[in-house]
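Heads up, the thing below is written out as structure tokens.
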Amino acid sequence: MNQQTHVPVDRPDDEQATTGTGRQTGASSELTRGVIQQVGEVERPPEQAERSMTVSTPSGLCRARLATSCLTLPAVGDVVLLASHGTNVYVLAVLARSSAEPLVLSSDRDTTWAVQGHLAVRATGGVDLAGAEQLRLKAGHLRMEAQRVDIVTDRLGVFSRFAQWVAERLETTATSLRQVSQTHTMHTKGYHRQVDELESVRAGHIDLRAREMLHIHAQHSVIKSRELVKIDGTQIQVG
């Protein structure tokens, strides 16, 4: 079984001389008693509220709290390193895990991960990012590369001074589509539009120009003007 070990503490020569006579100073005694380490096994999982757990040690069961520096959340059966100071017992680290329980890094307070250089996160499987309130990404240049990107949301807003879409094929499907712009310019080689019901156009001026032919065909055609109707051409055929 693992035995308790005392970490040695350097003492001045005069203090070592008084140790043999049993006249230790209070500070030296407190330091010696404060650094006690042993190995134990987790019997009960940690409680999230208190970050405490039940650990089995050679001297029996004890309650231990996670040290602030221990980010790994212990699981049942884990071998952990303990340190006791007075009546308090702390879990310093998880030494071994024999089960297939996933590794969880946990903190009970706001946490900042600061890196001076480059930070890379790599996984052979998937990567999940979840926030109960807000997930924020901020960078001078944000680049996403994937074979497929799916965005599922109740509401999506994109605000940009300049936006550009470049795609081999672009499809837009919506129950209702509304576009508002000061200037709308479209250039295409072929344009096909099909309206099953009513198409209504309201404009101050409409200018239709075709290099070769303009064909208007309908079961009923009505051209109405309040003042002038003019038809001009080299030949005009009616009927």
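A few remarks follow.
- In terms of the mean number of neighbouring beta-carbon atoms within 10 Å, the peptides 99-109, 125-135 order highest first as 99-109, 125-135.
- Distance in nm between pseudo-label sites at Val222 and Arg148 (7 Å out along the Cβ direction from Cα): 5.1 nm
- Each of the peptides 54-63, 165-174 was scored by the mean count of other Cβ atoms within 10 Å over its residues; in descending order, highest first, they stand as 54-63, 165-174.
- For His187 and Asp110, the FRET efficiency from 1/(1 + (r/R0)^6), where r spans their Cβ atoms and R0 equals 45 Å, is about 0.30.
- Backbone N within the range 122-150 under 19 Å of label point (7 Å from Ala100 Cα along the Cβ vector): 124-126
- Förster radius 45 Å - calculated FRET efficiency between Glu133 and Ser56 (Cβ-Cβ, nearest 0.05): 0.70
Bear in mind that the values in this text are calculations on the coordinates, not laboratory data. Everything numeric in this text was worked out from a predicted model, so none of it was measured. Cβ atoms come from the backbone with ideal geometry, glycine included; neighbour counts cover every protein chain shown.
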